[in-house]
């Protein structure tokens with residue numbers, strides 16, 4: 001499927017800053033599930049940016065402005081051709097060692113109730129893919145994501161698109177007895193935390209989700225877990241499926257913090273999402 | 001304090017003088033009764049003039065203190081030094097190879113020679129360093145290896161310091177003071193020079209400049225500022241090397257490169273000897289609340305436009321829990337046995353070893369895995385019952401947070417004290433520079449526990465320093 005993406009973010013810089021710097025993680029790379037046909041990021045200072053591959057194999061830019069004023073606007077435009085491989089990403093050339101993704105972070109703590117019933121299955125070395133699907137099912141139950149609850153989760157996925165620079169600082173507060181609020185970042189962290197508790201490498205993925213009859217376009221989050229045979233496999237706990245050709249993979253990391261699409265110093269807070277359109281284009 | 005008498009570096013058990021100290025012994029005997037007292041007063045005046053001070057955190061007696069200097073030098077023979085320096089060089093080569101491996105293919109973890117969890121779950125492991133190739137493949141360029149001696153041929157490595165080891169300015173100033181106080185001794189003995197350390201530091205830093213740097217790279221020393229306990233050293237080293245002393249606000253990143261603000265406009269910086277901890281060097285990548293660092297610095301480093309010395313994430317190689325694996329690390333990368341042994345260390349997560357530790361805590365030294373500077377440490381033989389009970393509780397609660405070692409009978413050296421000359425326990429921190437070659441300054445910093453019987457040599461805990469002489473053949 002060919003997917004056309006246009007995504008604009010803006011930050012209020014204010015006055016009096018001698019410098020501003022940004023670390024931009026908004027560049028998808030070619031892989032088994034996608035081919036980038038066209039991609040551009042516009043931003044003041046982009047022409048002088050340092051282009052780097054980060055520790056997780058992502059393509060990143062270091063952009064800076066001297067005496068920035070007014071709004072800082074990031075405009076992303078591109079076309080990506082995707083293939084549905086049932087979530088199997090395999091191994092990418094710049095992937096660090098999978099074992100790295102067993103490292104727990106403050107955002108990926110696991111809930112015993114979710115992963116513990118699966119521990120025996122994980123230990124016996126049974127079918128890991130089946131185990132991961134069961135885990136995704138448990139996450140869905142824990143967060144009240146189900147087939148009969150379609151409407152409830154879609155706006156939450158959209159919420160994630162609006163607050164994409166918050167670095168996963170979504171409120172973790174939960175009232176006793178009430179199912180925790182589901183948004184793509186929270187449930188992805190829960191899935192990753194459970195994988196790592198079961199000693200399965202798992203990583204956080206950011207990307208675009210094309211709009212369809214099942215839901216709106218979103219800047220989205222899902223997880224990938226590692227299987228010794230197949231390599232990395234995507235699990236979108238928010239949608240309860242493995243990523244399809246509606247998913248455009250952008251960046252991977254230990255958690256939402258290491259995948260933050262635009263990090264800024266000085267801290268410019270949450271960006272205003274001016275506009276996001278992710279659409280399948282006619283072949 | 002220790003049951004076995006400590007090895008004295010000057011005198012044999014029968015009172016005879018060991019060979020390296022013969023000239024010093026004769027010189028000491030020639031001195032008129034009041035001479036050493038006058039020299040000690042002179043030494044204090046010299047240090048006040050040099051301005052060497054250090055800050056003791058949590059001290060109420062003002063923030064700046066003069067570090068006590070003992071005017072009787074410690075002497076190491078050429079043969080002893082050859083043995084030590086070979087062992088040190090082996091160690092720093094292996095630890096740099098280990099750093100490259102854990103931040104790339106992690107072969108040592110795959111081979112099961114070091115537990116994966118110990119590295120990948122360790123707070124000193126820096127995931128952001130994965131896949132980064134520092135200039136010449138070197139991660140830790142400036143290293144201090146803490147060594148203790150317990151017998152004529154028995155040296156142990158107590159710990160490795162691969163982050164931002166301090167104290168080298170004391171080594172240099174101690175020598176400067178000795179040259180002024182006892183110039184005639186340097187005529188009688190051939191003492192290996194240490195004065196070229198700043199020049200060697202500069203050469204080392206220049207040798208790891210990025211490929212894009214000009215033929216004479218611009219070097220900056222990045223300091224957290226005047227409130228840091230080692231600020232004196234930062235400014236001293238910058239001055240001695242002819243490099244710029246900078247705080248975070250003096251530098252900025254533009255177009256992926258690092259610049260220093262100067263009155264003539266921005267000047268690109270190629271190598272940064274940073275004395276700021278990893279977490280604080282760049283708020284864009286690490287702690288966002290850091291006011292000390294330079295936003296964008298780490299990405300500029302990743303882009304290969306600047307070299308950071310030492311690299312972030314080197315702490316994984318001097319972590320106290322990783323320390324116990326250093327002999328294994330040396331064998332894995334160099335295929336050689338460690339020339340300098342580790343101090344035997346108990347692992348409290350092992351139930352049997354823990355039981356032994358708890359039963360014998362009064363004889364042992366307990367260290368926090370992430371502690372330093374002698375803080376968070378129990379020296380069993382010198383402890384109170386309440387302290388031992390406190391540490392027993394702590395070890396039971398978090399066995400992985402402590403390593404435990406036997407109380408070593410650290411060697412003693414003659415030291416000038418109120419009562420005259422008496423033996424005091426010492427350790428040794430040689431300074432190693434790793435760049436286009438490994439350069440080890442002969443000797444290093446000898447720290448001395450000035451209180452009789454004390455084994456704690458840290459300056460924050462009442463320790464002093466001595467000039468360290470390596471004799472040339």
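FYI, it's all coordinate maths here, none of it is from the lab. Predicted model, so just to flag it, every value in this text is computed and none were measured. Don't worry about glycine lacking a Cβ; one is built from the backbone with ideal geometry, like all the others, and counts go over all protein chains shown.
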Checklist entry - Between residue B:153 and residue A:46, what is the label-to-label distance in nm when each label sits 7 Å out along the Cα-to-Cβ direction? => result 6.9 nm
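Just the Kirkwood number for segment A:1-152, please: inverse of mean 1/r across all distinct Cα pairs, in Å, one decimal.
Numbers: mean 1/r = 0.0513 Å⁻¹.
This gives a value of 19.5 Å.
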Checklist entry - Is there a simple number for the mean count of other chain Cβ atoms within 10 Å of the Cβ of residues in B:255-268, and what is it? => result 2
Checklist outcome for this item: With the protein assembly as shown reduced to its Cα atoms and the Debye formula applied, log10 I(q)/I(0) at q = 0.07, 0.08 1/Å amounts to -0.58, -0.74
Next on the checklist: Taking the Cα of residue B:27, stepping 7 Å toward and past its beta carbon, and measuring to each backbone N in segment B:152-185: which are under 19 Å?
Outcome noted: B:171-185
Checklist entry - Once you wrap a convex hull around the alpha carbon atoms of segment B:407-472, what is its projected area averaged over all directions, in nm²? => result 5.9 nm²
Checklist entry - Size of segment B:346-406 along its principal axes in angstrom, Cα-based, largest extent first? => result 25, 23, 20
Checklist outcome for this item: The FRET efficiency for residue A:18 and residue B:386, from their Cβ-Cβ distance with R0 = 45 Å and rounded to 0.05, is 0.25
Item to check | Shielding by partners - mean other protein chain Cβ count within 10 Å, residues of A:17-29 | outcome: 3
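I'm checking a number: the convex hull volume of the Cα atoms of segment B:63-169, normalised per residue, in Å³. What is it?
Hull volume normalised by residue count: 183 Å³.
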Checklist entry - Which order do peptides B:426-434, B:377-385, A:132-140 fall in by mean Cβ count within 10 Å, highest first? => result B:426-434, A:132-140, B:377-385
Next on the checklist: Within segment B:221-245, name every residue whose backbone N is under 15 Å away from a label modeled 7 Å from Cα of residue B:264 along the Cβ vector.
Outcome noted: B:243-244
Next on the checklist: What number results when the radius of gyration of segment A:2-79, computed over Cα atoms, is divided by 2.2 N^0.38 Å?
Outcome noted: 1.21
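What is the Cα radius of gyration of segment B:144-281 over 2.2 N^0.38 Å, N being its residue count?
Normalised Rg, Cα atoms only: 1.27.
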Item to check | Fluctuation leader among A:261, A:106, A:201 - chain A, Gaussian network, Cα springs under 10 angstrom | outcome: A:106
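Can you work out the FRET efficiency for the pair residue A:2 and residue B:436, with r the C-beta to C-beta distance and R0 = 41 Å, to the nearest 0.05? Mind dumping the intermediate values first?
Numbers: r = 52 Å, r/R0 = 1.27.
So the FRET efficiency works out to roughly 0.20.
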Checklist outcome for this item: Counting every C-alpha pair in segment B:105-217, the percent lying more than 23 Å apart is 57 percent
Item to check | Förster radius 41 Å - calculated FRET efficiency between residue A:94 and residue A:71, Cβ distance, rounded to 0.05 | outcome: 0.80
Checklist outcome for this item: Normalised Cα Rg of chain B, dividing by 2.2 N^0.38 Å with N its residue count, works out at 0.99
Checklist entry - With all pairs of different alpha carbon atoms counted, what Kirkwood hydrodynamic radius in Å does chain A show? => result 19.2 Å
Checklist entry - Given the options A:236, A:183, A:47, which has the most mean-square fluctuation in a GNM of chain A, springs set between C-alpha atoms less than 10 angstrom apart? => result A:47
Item to check | Surface/4 estimate of mean projected area, convex hull on alpha-carbon atoms of segment B:281-404, nm² | outcome: 11.0 nm²
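Let me have the 222 nm mean residue ellipticity of the protein assembly as shown computed from DSSP H runs of 4+ only, each contributing -39500 (n - 2.57), with the sum over all residues rounded to the nearest 500.
-7500 deg cm²/dmol
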Next on the checklist: Show me the three semi-axes of the equivalent ellipsoid for segment B:222-345, from the C-alpha gyration tensor (sqrt of 5 times each eigenvalue), largest first, rounded to whole Å.
Outcome noted: 33, 17, 15
Item to check | Exposure proxy order (Cβ contacts within 10 Å, fewest to most) of B:352, A:181, B:159 | outcome: B:352, A:181, B:159
Checklist outcome for this item: So, with points 7 Å from each Cα along the Cβ direction, the residue B:93-residue A:30 label distance in nm works out to 4.2 nm
Next on the checklist: Within a 10 angstrom radius of the beta carbon, how do B:299, B:254 rank from fewest other beta carbons to most?
Outcome noted: B:254, B:299
Item to check | Fully extended contour minus Cα-Cα distance, from residue B:19 to residue B:203, at 0.36 nm per residue | outcome: 62.7 nm
Item to check | Peptide B:291-299, shielding by other chains (average Cβ, 10 Å cutoff) | outcome: 5
Checklist entry - segment B:303-351 to segment A:53-83: how many Å between their Cα centroids? => result 37 Å
Next on the checklist: Need one number: nm distance between label points at residue B:214 and residue B:105, each 7 Å from Cα along Cα→Cβ, rounded to one decimal.
Outcome noted: 4.0 nm
Checklist entry - Among B:140, A:10, B:166, which comes first, then next, by fewest other beta-carbon atoms within 10 Å? => result A:10, B:166, B:140
Checklist entry - Scattering from the C-alpha atoms of segment B:317-473 alone, worked out with Debye: what is log10 I(q)/I(0) at q = 0.16, 0.17 1/Å? => result -1.07, -1.16
Checklist outcome for this item: What the Cα atoms of segment A:1-42 span along the principal axes, largest first and in whole Å, is 45, 16, 12
